[in-house]
1. If you project the alpha carbons of the stretch 61-173 onto the principal axes, what extent comes out on each, in Å, largest first?
2. Take each complete run of DSSP H in the chain, measure how far its Cα atoms stretch along the helix's own axis, and keep only those covering 24 Å or more with mean Kyte-Doolittle hydropathy at least 0.0; list them.
3. Quick one: grab Rg to one decimal and Dmax as a whole number for the stretch 223-287, Cα atoms only, in Å.
4. Extension gain residue 238-residue 110, at 0.36 nm per residue separation less the Cα-Cα distance, in nm?
5. Could I have the simple spin-label model distance between residue 283 and residue 89, label points 7 Å from Cα toward Cβ, reported in nm to one decimal?
6. If r is the Cβ-Cβ distance from residue 314 to residue 211 and R0 is 41 Å, what FRET efficiency results, to the nearest 0.05?
7. Give me D for the stretch 172-316 in µm² s⁻¹, whole number, from Stokes-Einstein with Rh from the Kirkwood sum over alpha-carbon pairs, 10 °C and 1.306 mPa s.
8. I need the calculated FRET efficiency for the pair residue 155 and residue 262, taking r as the beta carbon distance and R₀ as 41 Å, to the nearest 0.05.
Amino acid sequence: MRSLLYDIIRLNLHWDNLERYYLEPQIIDGKNMATAIRQVVSEDVANLKQEHQITPGLAAILVGDDPASSMYVGLKEKACEEVGIFSKVFRLPMNVSQKDLKSLIKELNDNKEYHGILVQLPLPLSIETKEIVQSIEPSKDIEGLHPENIGRLVLGDPIFVPCVAACVQKMILSTGQDPEGKHAVICGNSVSAGGPIATLLMQNKPGAGSTVTVCHEKTADLTELTLQADILVSAVGIPNLITADMVKDGVIAIDVGISRVKDSSRDRGYRVVGDFDFESVAKKASAITPVPGGVGPMTIAMLLSNTFKAAYHSTI
């Protein structure tokens, strides 16, 4: 019987070859990288079904009818179908109570059909998000945000690396540059993105070993710090926050931010942009992720990977 560690190592071997999926040397193409990862997950899911008669299952909880959240859940549902993962979306009204939401999560925790549970964020202001995340069984917390999983990440022994942090690390490694010894500056300190990214990159392990600085809304001089970055990651959600004068030549620029800005030239009336002023920063960066088409597709791919890991872990 293969161990979970075996499968994680096998997946990591695939990451090492992902640089061949670039469309252009300077652009980190998240779509093509995600396609490669999905192929790996699809093969592993098929093997799991054949060897253990287990189909990985993902339960996604969507509260309210926010268009962006609905779109993201739809993309995840489609991605699951493509790799052979069973998924079901549980749609709840905006006015659902904390008690009823936790009751649903408890049912899903006890349901062996589902190996992973995803609660689409953000939740309504009436819901205490931290309490909801903590109510998910850690072995089913495929986003890696439960305190137990965050603790394992800090200790350097994670089962589920938070999806955004995992994809950021893989995208940095795909450039062929080693983060070890480099100064990584992270803009944003959220529990779901900036915090885990910083924690992952500072660890004394292969693929990490960076000196990490975390910037946030109380940082006095953002530019002074971003100019020092060998690796610059922004997960703030402010359109075009990072401009060319804020980065040094050769920086690896990873854009986690995503925002809608009005654009009357588009049929839908808006366009999607990231935290980086892409055109200007790309001229100085050694590698950069686009928005859209960068971190977004990779995050979904890592969610699929974590769902598979959860299902495989249930067999050992």
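1. So the three principal-axis extents are 41, 30, 29 Å.
2. Within the chain the helices that satisfy the rule are 295-313.
3. For the stretch 223-287, the Cα-based Rg and Dmax read 12.5, 40 Å.
4. Full extension from residue 238 to residue 110 adds 42.1 nm.
5. Each label point lies 7 Å from its Cα, and together they span 4.2 nm.
6. It comes to 0.60.
7. Value of D from the Cα-based Kirkwood radius: 99 µm²/s.
8. For residue 155 and residue 262, the calculated efficiency is 0.35.
The values are calculated or read from the model by the stated rules, or taken from the named source; none is laboratory data. Keep in mind it's a predicted model, so treat the numbers as computed, not measured. Methodologically, a virtual Cβ is constructed for each residue, glycine included, from the backbone with ideal geometry; neighbour enumeration extends over all protein chains shown. Ligands, DNA and RNA are excluded from the accessible area calculation, which covers all protein heavy atoms including side chains. Shrake-Rupley method; radii C 1.70, N 1.55, O 1.52, S 1.80 Å.
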